[in-house]
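To start, the structure under review is shown below, and the notes come after it.
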Amino acid sequence: MKCNFNFAALLVILMLNIVFTQKMVHQYYFENYVTAIIYCFLNLILFPIAIFIYKQDQKKA
């Protein structure tokens with residue numbers, strides 16, 4: 001069951017990364033630089049979380 005949870009968590013993080021990247025590019029295009037930086041940091045925060053979940057899943061497998 002935990003493998004399914006880890007898989008679902010990684011899918012959610014991937015979806016959020018795609019959404020945040022799209023929003024960041026959109027905000028940058030319309031010169032809302034502060035908002036673009038916020039979305040960039042949200043993207044950067046999600047990346048280590050995904051690596052942590054992936055490594056946890058590899059240890060259990």
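The values are calculated or read from the model by the stated rules, or taken from the named source; none is laboratory data. This is a predicted model, so every value here is computed, not measured. All Cβ positions, glycine included, derive from the backbone under ideal geometry; neighbour counts span all protein chains shown.
Structure notes:
- Residues within the range 21-58 that are hydroxyl-bearing (Ser, Thr, Tyr) and under 25 Å from Leu11 (Cβ atoms), tallied: 3
- Lys60 vs. criteria loosely packed, with under 15 Cβ neighbours inside 10 Å, in contact with a Cys (Cβ under 8 Å, 6 or more places away or on another chain) and not aliphatic (A, V, I, L, M): yes
- Flag for Tyr33 being in contact with a Lys or Arg (Cβ under 7 Å, 6 or more places away or on another chain) and free of Cβ contacts under 8 Å to residues at least 60 places away in the same chain: no
- Tabulated pairs, the range 5-19, first within 20 Å of Gln58 (Cβ to Cβ), second assigned to a helix (DSSP H, G or I) and basic (Lys, Arg), C-beta under 9 angstrom, 6+ apart or interchain: Asn6/Lys60
- Inside the range 8-59, residues that are over 14 Å from the mean Cα position of the chain (by Cα) and in a helix (DSSP H, G or I) make up a count of 15.
- Residue in the range 7-19 that is modelled with pLDDT of 95 or more and among the polar types (S, T, N, Q) present: yes
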